[in-house]
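Just so you know, all these numbers are worked out from the coordinates, no wet-lab data involved. These numbers come from a predicted model, not from an experiment. Note: ideal-geometry Cβ built from the backbone for every residue, glycine included; neighbour counts use all protein chains shown.
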Amino acid sequence: MLAERMNRLGTETAFEVLAKAQAMEAEGREIIHLEIGEPDFDTPQHIIDAAVYAINNGNTHYTPSAGMANIRQTFAEYITRDRGIAVNPENIIITPGAKPILFFTILALVGTGDEVIYPNPGFPIYESVISFAGAKPVPLPLREEKAFSFDPEELKALVNDKTKLIIINSPQNPTGGVLSKDDVRIVADLAQSHDAWILSDEVYCKMVYEADAVSIYHFPEVKERTVLLEGHSKTYAMTGWRLGYGIMPEWLALHIAKLQTNCTSCTPPFTQIAGAEALTGPQDESIRMMAEFKERRDLVVEGLNAIPGISCIPPKGSFYAFPNITGTGMTSMELADCLLQEAGVAVLSGTSFGQYGEGYLRISFANSKENLKKALERIEAALKKKTLDKDR
Ligand code: PLP
């Protein structure tokens, strides 16, 4: 018999859809993978070289739970430079991936009786961990008519004296939306006036196509009530390395480090060293990757808008498109299943990201232009066949 709390733990459907698609591939079906949330690029060679050098030179042991002192220093200098706000090494906790920062922050800050506002549709781990921690998840709907930002009045109506934490994510998974400066300011003001914390998930901050995304650190007055979450998975195509970090008040960092001591002990030293190389070394590979993503974004958005029943606003960031599929007459789940079974295209239902994802699909463009074109053709053909079958 499992502990009761396990009933409150959710998961990420992306991994389930991937497993289903791989099972179909094992039976000989050819599947185009548009469900995956990781860049299809190799980690830049200079980052790999730094890790190999580190392993060959003895960096194969435990490190302090919070991270290696010199690497925390490098990360702090990077954030100070990049976000234009002074950050000390003592504010940084380095973790195996950014996910542990999410998990540890929520466990450290919220419990029974607390409410946590989180974006919906949004990264499914938010709701899962909020519930797991015993707090009440309060979804903040993201609206297509607001380019997948929130309605300020809706947010104001959700905040009350039980609100302990507000989670934001910009650029956003799954919608590709980017919060405006005014939207971020509203969150900052509400957190201040209601004495709430902010968890600002900025893992896609370098993956933008138009203007830069506004960091929560644009509003220094909330720095002492903020955990800023960053990581290397997306920007440097390092998902498998497991490297992320949180920036937070020093006193909270001590508690988050204690959670890390209780859980993973530390992040592998060669991964930390590779992460420092990523931040301080040449950025051309990342820039090249984003130029390619931009071309794919334009291709996908144009292709989706040409399919009857589907419309798609261009994502301003991340590498996901979030098309509206209500014109097909199918639910998100029905269409995602139909595309996998009949077109051999794996995508995610918008509802994998919460109830406000109904009416949408998430399409990752972490695949070649050739495959994206083929996928668009297959989607169009599958929908045409469905319409013909219905009319018969
Ligand atoms: N936050 C968001 C919005 C994400 O989409 C992801 C990964 O998909 C993460 C955090 C966690 O990334 P990682 O643990 O690989 O650093």
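For the peptides 335-348, 58-71, the ranking by mean Cβ contacts within 10 Å, running from highest to lowest, is 335-348, 58-71.
Which one, Gly113, Tyr126, Val138, is farthest towards the positive end of the dipole of the range 62-140 when Lys and Arg carry +1 and Asp and Glu -1 on their Cβ? Among Gly113, Tyr126, Val138, the one farthest towards the positive end of the dipole of the range 62-140 is Tyr126.
Taking amide hydrogens as placed 1.01 Å from N in the peptide plane, the amide H of Val345 sits under 5 Å from those of Ile32, Leu340, each at least 5 positions away in sequence or on another chain. Taking the Cα centre of the range 129-235 as origin and assigning +1 to Lys and Arg Cβ atoms and -1 to Asp and Glu Cβ atoms, the resulting dipole is close to 300 debye.
Rounded to the nearest 10 degrees, the inclination of helix 181-193 to the longest alpha-carbon principal axis of the chain is 50 degrees. Scattering from the C-alpha atoms of the range 57-167 alone, worked out with Debye: what is log10 I(q)/I(0) at q = 0.12, 0.15 1/Å? Each listed q maps to, in turn, -0.59, -0.84.
For Gln283 and Gln22, what is the calculated FRET efficiency with R₀ set at 30 Å and r taken between the beta-carbons, to the nearest 0.05? For R0 = 30 Å, the calculated efficiency reads 0.35. For the range 251-354, the dipole from Cβ point charges (+1 on Lys and Arg, -1 on Asp and Glu) about the Cα centre works out to 380 debye, to the nearest 20.
Backbone phi angles across the range 362-377, fed through the Karplus curve with coefficients 6.51, -1.76 and 1.60 (θ = phi - 60°), yield HN-Hα couplings of 9, 10, 8, 9, 7, 8, 5, 4, 4, 5, 5, 4, 4, 4, 4, 4 Hz in residue order; Gly and Pro are listed as x.
With viscosity 0.890 mPa s and temperature 25 °C, the Kirkwood radius over alpha carbon pairs of the range 98-146 converts through Stokes-Einstein to a diffusion coefficient of 221 µm²/s.
Based on DSSP H segments of at least four residues, each scored -39500 (n - 2.57), the chain has a per-residue ellipticity at 222 nm of -13000 deg cm²/dmol. The distance from the alpha carbon centre of the range 10-63 to that of the range 83-153 is 24 Å, rounded to a whole number. Answer with one residue from Val52, Ala19, Asn70: the one whose Cα lies farthest towards the positive end of the charge dipole of the range 1-138, charges on Cβ with Lys, Arg +1 and Asp, Glu -1. Result: Asn70. When every Cα-Cα distance of the range 197-291 is counted in 5 angstrom steps from zero, the calculated P(r) takes the values 3, 11, 18, 22, 20, 15, 8, 2, 0 percent. Each Lys and Arg adds +1 at its Cβ and each Asp and Glu adds -1 at its Cβ; summed about the Cα centre, the chain shows a dipole of about 280 debye.
Which angle from 0 to 90°, rounded to the nearest 10, does the C-alpha axis of helix 45-56 make with the longest principal axis of the chain? Between the helix axis and the principal axis of the chain, the angle is about 50 degrees.
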